[in-house]
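Sending over a structure as structure tokens; questions will come in a sec.
The values are calculated or read from the model by the stated rules, or taken from the named source; none is laboratory data. Not measured: the values here are computed from a predicted model. Cβ sites come from the backbone with ideal geometry, for glycine too, and all protein chains shown count toward neighbours.
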Amino acid sequence: MLFNSYEFIFLFLPFTFFIYFYLLQQRLIVGAKGFLVFASLFFYSWWNIAYLPIILSSMLFNYVIGNSLNENFKSVRIHKHALLTFGIIANIALLGYFKYSDFFIENFNLAFDGSVPLLHLALPLAISFFTFQQIAYLVDSYRAETAEYDFLNYALFVTFFPQLIAGPIVHHAEMMPQFASRWNLLKQYKNIAAGLFIFSIGLFKKVVIADYFATFATNGFDKAEVLNFFEAWATSLSYTFQLYFDFSGYTDMAIGAALLFNIKLPINFNSPYKALDIQDFWRRWHITLSRFLRDYVYIPLGGNRKGSFRTYNNLMATFILGGIWHGAGWTFIFWGFLHGMALVIHRFWKNLGLTMPNILAWFITFNFINIAWVFFRAKEWDDALKVLNGMFYGEMIISYKLEEKWQFLSSANIKFGAWLPHISGDQFTYAFLLMTAFIVFFSKNSSFYLFNFVPSKKLLFLSTFAITLTALLFNKISEFLYFNF
Amino acid sequence: MSYKKFVTLFFILPFLLIGTIFSLNIIIDPFSITNYNLLDIHYKLARDDRTEKVERIRKIKQIDNLILGSSRSQHIDPKILTEYFGGYSYNFGVGGGSSADALGILLYLESQKKLPQNILLTLDFSTFLGDTLHPSFYKLPELNFLDKNIQPTSQIAKFLSIDAVRASFKTLKAHLKQTIPNSYFNEEGFMVSRKAKTVDQKTISKQSHNYVNNIYNNGDFNVSQARLENVKSIVELCKKHKINLAVTLTPVYAYQYALIEKNPSFKLKLAKFKTDLAAISPFYDAMIDNQYVKDIDNFEDSVHSNERYGHLYLAAIYKNTYPDLIKYHQSTTLMPF
């Protein structure tokens, strides 16, 4: 079930909300939480019920291992360590089997001229998210940083529908106390109002902005080999904005939906395209993933405590892993490598004590991110290179309608022809790109409005406008990009 | 404002606004979805021709002759087919309409047991340049045979869409001002133009260059095998139901075709496409219909022929030389332009 669908907005969400609080009103706390877990699993099964046993068994397995790690707190260290290793390997094996089997087989066949048949497994929805979430739980249980949670709260932590499919990747320490808190069992209009507001903003970001740019990005990457200069830039920038508004829109909706149930999810975005360097970017983009990679990969590898060379290696390893997490493909790995490389260069630059003007720092950072997304989005290596070729060596073709007035441009090697024909663009495409860029670079983000939420006519008007406009665009429903990861 | 008041108004205001828009679209009904015409509106100005035509086809009890194609065939008057064959004729020419749209609507008609006796399948060469289909194809369950799981909410979505709002306002404005639009679809799906569009030699030449360079990519494309398969399915369906099928390639202005021929690899690719098409069905190749495609007065632009040519086109296919002309032309070459 998509957040941006009639069935979610008009049936599932209100139905779940009212039943949950009705049960709480009747003082059936366990029943209410049980219902929320059931509703979340129903939400998950809506796509494909075949995946339900996977998430259930993963949840049960990790709960047992996590609790055992807790119980073994005072036992011999080797047992605890072995149990944790077993738990992590089992989680990674599950993820690896579904997500990376065909990738490994393909590369094995290529390297050794083999003919091992591909498995063609469908990727169970959200597996990357709930696996990482539970690995963190196991590690913290090993470190004795978890309390002994009851199964119902643990099940809610894993399955709670707002964050189940595409995050934010929540941490047990920030979720469990909220599920256990009695204060959160009361209907709170403050949270409901803020939740509805932020949900409507997220919906607008996804349906109106991200889906608008999706057309240009999809067409551009599908016809990568023929893109001219303006088309190639429109393609890459469209994807850059599409991905941001799609994923941050989803996160806003998740935060909003969770707030209705008095649960505060962590923010995942903080105007990432305003970043002045790549480290700054990763503090603003997919914050909960960055946090996971920092706490459970980078720091355990040694972080920056073992000298510069080791730090650079750790950064590279962490970001290549981040790339692989997003998908089984060399383009994702290369994207991770590029970001790792950029972080290494940035750290080296900082160590030298060098600086540069903010505007230049922003320009370099944004363009690097934009170019790196090309590898992230491209289905094949070749497609990425073709889009980049268009961006740097493509012919400059502007509308033939301007030929008479702007004939002088011919001398600058600018040709006249159809305007953005391969991406189905029109005279508004670049205007919308500029307008969106302006919003992204200069306006306050939705987290600001959430944290400073005070009901007002202005915000009510904004919400009404967002909801009405998105309702008129629901016939163009599309999935969220991060559902694929 | 209190939080409770905000929550209450959050539900009331969008509900009222969406309800008003929904009611407005129901009353004006720009796609003619309902059977009511409360305001007695004569001209519906919908932009989404697929939705409008699918709705019309859903309502027609029997279609005897059907024209299938893209915007390039919207100026073929189906009434001429009625003159030739009798019965009721309809033009299902839709923007960017490919063989997938044609197959989709035929499968729908088959399911409704409303298949026609005569079909004119006009194939627009540009719809074979790649597998991508028009976005509207996917949202209409009556067309989208590729995904039968399409959301059944589409009827509501048709009234709750930006396209519907835009069309409603346009329609209402024209209705209140009692103006007759310059062009509109009549009951038979024919694009009626009050004032025939004309094009001058300079513009049509520019358009031709633009098509060849940018739309056809100077011949750098792969012909869609999926769309050819769709043609094959249409031919088989017609055989199965003993439907009289005529297949044609839609005309382009001769200058554009000459530009294609100047490019050897493009010419070869086009010839290969025609050979592949001929292996599926004999067809009338209006692209090299020398007697007509060289006359600028037959075109609105370099790829859209006008009503006048529509008449000539049908006559060429059905009246004068039919069935002799319905054959694959071994030579794809146009007379020197």
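Would you be able to say whether some residue in region B:149-163 is within 14 Å of chain A (Cβ to nearest Cβ), part of a loop (DSSP other than H, G, I, E, B) and closer than 28 Å to B:Asn222 by Cα? Before you say what the answer is, go through the steps one by one.
Initially, region B:149-163 is screened for residues within 14 Å of chain A (Cβ to nearest Cβ), giving B:149-163.
This time we only want the ones that are part of a loop (DSSP other than H, G, I, E, B), so: B:149-153, B:160-161.
From the residues that got through so far, the ones that are closer than 28 Å to B:Asn222 by Cα too are none.
No; the residues of region B:149-163 include none that is within 14 Å of chain A (Cβ to nearest Cβ), part of a loop (DSSP other than H, G, I, E, B) and closer than 28 Å to B:Asn222 by Cα.
Then there's this: Pull up region A:432-474, narrow it to residues that are of a type in the set (S, T, N, Q) and either more than 11 Å from chain B (Cβ to nearest Cβ) or under 24 Å from the mean Cα position of the chain (by Cα) (or both), then point me to the one that is surrounded by the fewest Cβ atoms within 10 Å (Cβ to Cβ). Full working, then the answer.
From region A:432-474, those of a type in the set (S, T, N, Q) are A:436, A:443, A:445-447, A:452, A:456, A:463-464, A:468, A:470; that's our starting set.
Pick out the ones that are also either more than 11 Å from chain B (Cβ to nearest Cβ) or under 24 Å from the mean Cα position of the chain (by Cα) (or both) and you get A:436, A:443, A:445-447, A:452, A:463, A:470.
Working: A:Thr436: 20, A:Ser443: 11, A:Asn445: 19, A:Ser446: 24, A:Ser447: 19, A:Asn452: 9, A:Ser463: 24, A:Thr470: 21.
Per the criteria, the residue is A:Asn452.
For (1) of a type in the set (Ser, Thr, Tyr); (2) surrounded by 17 or more Cβ atoms within 10 Å (Cβ to Cβ); (3) closer than 18 Å to A:Phe442 by Cα; (4) out of contact with any strand residue (DSSP E or B) (no Cβ under 8 Å at 6 or more places or on another chain), each residue gets a yes or a no:
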| residue | (1), (2), (3), (4) |
| --- | --- |
| A:Asn351 | no, no, no, yes |
| A:Asn358 | no, no, yes, yes |
| A:Asn367 | no, no, yes, yes |
| A:Phe375 | no, yes, no, yes |
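Ok, one more. What single numbered condition from (1) assigned to a helix (DSSP H, G or I); (2) loosely packed, with under 12 Cβ neighbours inside 10 Å; (3) not small (Gly, Ala, Ser) fails to hold for A:Ile54?
With respect to (1) assigned to a helix (DSSP H, G or I); (2) loosely packed, with under 12 Cβ neighbours inside 10 Å; (3) not small (Gly, Ala, Ser), A:Ile54 is out only on (2).
Can you tell me which of (1) closer than 25 Å to A:Gly322 by Cα; (2) touching a helix residue (DSSP H, G or I) at 6+ places or on another chain (Cβ under 8 Å); (3) modelled with pLDDT of 90 or more is the one A:His81 doesn't meet?
Unmet condition: (3).
I'm checking my understanding of the structure. Among residues of region A:409-431 that are of a type in the set (Val, Ile, Thr) and closer than 15 Å to A:Glu395 by Cβ, which one is farthest from the other protein chains (Cβ to nearest Cβ)?
A:Ile414
Also, quick follow-up: Tell me the residue from B:Ala167, B:Ala157 that is hydrophobic (A, V, I, L, M, F, W, C), free of Cβ contacts under 8 Å to residues at least 40 places away in the same chain, buried (at least 18 other Cβ atoms within 10 Å of the Cβ) and on the phi < 0 side of the Ramachandran plot, please. Before the answer, list the steps.
Numbers: B:Ala167 fails: free of Cβ contacts under 8 Å to residues at least 40 places away in the same chain.
Unique residue meeting the criteria: B:Ala157.
Also: Across region B:44-65, what is the number of residues that are part of a loop (DSSP other than H, G, I, E, B), buried (at least 18 other Cβ atoms within 10 Å of the Cβ) and not aliphatic (A, V, I, L, M)?
2
Somewhere in region B:92-101, is a residue closer than 30 Å to B:His311 by Cα, of a type in the set (A, V, I, L, M, F, W, C) and at pLDDT below 90?
no
With the structure loaded, tell me whether A:Phe108 is part of a helix (DSSP H, G or I), farther than 20 Å from A:Tyr63 by Cα, of a type in the set (A, V, I, L, M, F, W, C) and modelled with pLDDT of 90 or more or whether it fails that test.
yes
Separate question: Just a yes or no: is a residue in region A:193-209 touching a residue at least 24 places away in the same chain (Cβ under 8 Å), over 24 Å from the mean Cα position of the chain (by Cα) and away from chain B (no Cβ under 12 Å)?
No, because not a single residue in region A:193-209 is touching a residue at least 24 places away in the same chain (Cβ under 8 Å), over 24 Å from the mean Cα position of the chain (by Cα) and away from chain B (no Cβ under 12 Å).
For region A:129-214, list the helices (runs of 4 or more DSSP H) that sit wholly inside it and hold at least 1 residues that are farther than 22 Å from A:Phe86 by Cα and modelled with pLDDT under 90; which are they?
A:151-159, A:161-164, A:172-180
Would you check which residues across region A:311-367 are closer than 24 Å to A:Thr131 by Cβ and among the aliphatic types (A, V, I, L, M) and list them?
The answer is A:Leu315, A:Met316, A:Ala317, A:Ile320, A:Leu321, A:Ile324, A:Ala328, A:Ile333.
Filtering region B:34-52 down to residues that are within 15 Å of B:Ser161 (Cα to Cα) and not charged (D, E, K, R), which residue is nearest to the other protein chains (Cβ to nearest Cβ)?
B:Thr51
I've got another one for you. Check off (1) under 18 Å from B:Val293 (Cβ atoms); (2) of a type in the set (S, T, N, Q); (3) within 11 Å of chain A (Cβ to nearest Cβ); (4) in contact with a helix residue (DSSP H, G or I) (Cβ under 9 Å, 6 or more places away or on another chain) for B:Ser208 and give me the number that stays unchecked.
(3)
Mind checking which helices (runs of 4 or more DSSP H) fall wholly inside region A:258-343 and carry at least 2 residues that are over 28 Å from A:Leu237 (Cβ atoms) and without any contact (Cβ under 8 Å) to a residue 12 or more places away in the chain?
Working: elements: A:278-284, A:287-293, A:308-326.
The helices (runs of 4 or more DSSP H) meeting that bar are A:308-326.
Among the residues that make up region B:13-33, is at least one of them β-branched (Val, Ile, Thr), more than 10 Å from chain A (Cβ to nearest Cβ), part of a helix (DSSP H, G or I) and surrounded by 18 or more Cβ atoms within 10 Å (Cβ to Cβ)?
yes
From (1) within 14 Å of chain B (Cβ to nearest Cβ); (2) buried (at least 21 other Cβ atoms within 10 Å of the Cβ); (3) under 21 Å from the mean Cα position of the chain (by Cα); (4) of a type in the set (S, T, N, Q), pick out the condition that doesn't hold for A:Thr218.
With (1) within 14 Å of chain B (Cβ to nearest Cβ); (2) buried (at least 21 other Cβ atoms within 10 Å of the Cβ); (3) under 21 Å from the mean Cα position of the chain (by Cα); (4) of a type in the set (S, T, N, Q) applied to A:Thr218, the lone miss is (2).
Something else now. It is to be established whether one or more residues within region B:219-226 are within 10 Å of chain A (Cβ to nearest Cβ) and under 30 Å from A:Lys415 (Cβ atoms).
Step one: of region B:219-226, the residues within 10 Å of chain A (Cβ to nearest Cβ) are B:220-221.
If we keep only those that are under 30 Å from A:Lys415 (Cβ atoms) too, we end up with B:220-221.
Yes: one or more hits.
Of A:Thr215, A:Thr235, A:Thr240, which residue is of a type in the set (Ser, Thr, Tyr), in contact (Cβ under 8 Å) with a residue 40 or more places away in the chain and in contact with a Gly (Cβ under 8 Å, 6 or more places away or on another chain)?
Of A:Thr215, A:Thr235, A:Thr240, the one residue that is of a type in the set (Ser, Thr, Tyr), in contact (Cβ under 8 Å) with a residue 40 or more places away in the chain and in contact with a Gly (Cβ under 8 Å, 6 or more places away or on another chain) is A:Thr235.
Those residues that are without any contact (Cβ under 8 Å) to a residue 24 or more places away in the chain and either polar (S, T, N, Q) or touching a Lys or Arg at 6+ places or on another chain (Cβ under 7 Å) (or both), I need them from region A:344-376; list them, please.
A:Thr355, A:Asn367
If you don't mind, another one. Of all residues in region B:120-148 being in a loop (DSSP other than H, G, I, E, B) and among the charged types (D, E, K, R), which is modelled with the highest pLDDT?
Step by step, filter region B:120-148, then rank; the result is B:Asp124.
Considering region B:279-307 alone, what residues qualify as being in a helix (DSSP H, G or I) and within 18 Å of the chain's Cα centre (by Cα)?
Listed by number, the residues that qualify are B:Ala286, B:Met287, B:Glu307.
Identify all residues within region A:97-132 that are touching a Phe, Trp or Tyr at 6+ places or on another chain (Cβ under 8 Å) and either without any contact (Cβ under 8 Å) to a residue 40 or more places away in the chain or among the basic types (Lys, Arg) (or both); write none if there are none.
Selection gives A:Gly114, A:Val116, A:Leu121.
Let's see how each residue does on (1) more than 22 Å from the chain's Cα centre (by Cα); (2) of a type in the set (D, E, K, R):
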position: A:Glu106; (1), (2): yes, yes
position: A:Asn109; (1), (2): yes, no
position: A:Val116; (1), (2): yes, no
position: A:His120; (1), (2): yes, no
position: A:Leu123; (1), (2): no, no
position: A:Phe132; (1), (2): no, no
position: A:Val139; (1), (2): yes, no
position: A:Asn153; (1), (2): yes, no
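Another one. Given the options A:Phe10, A:Phe61, A:Phe86, name the one that is surrounded by fewer than 18 Cβ atoms within 10 Å (Cβ to Cβ) and under 18 Å from A:Tyr154 (Cα atoms).
Details: A:Phe10 fails: under 18 Å from A:Tyr154 (Cα atoms); A:Phe86 fails: under 18 Å from A:Tyr154 (Cα atoms).
On inspection, the qualifying residue turns out to be A:Phe61.
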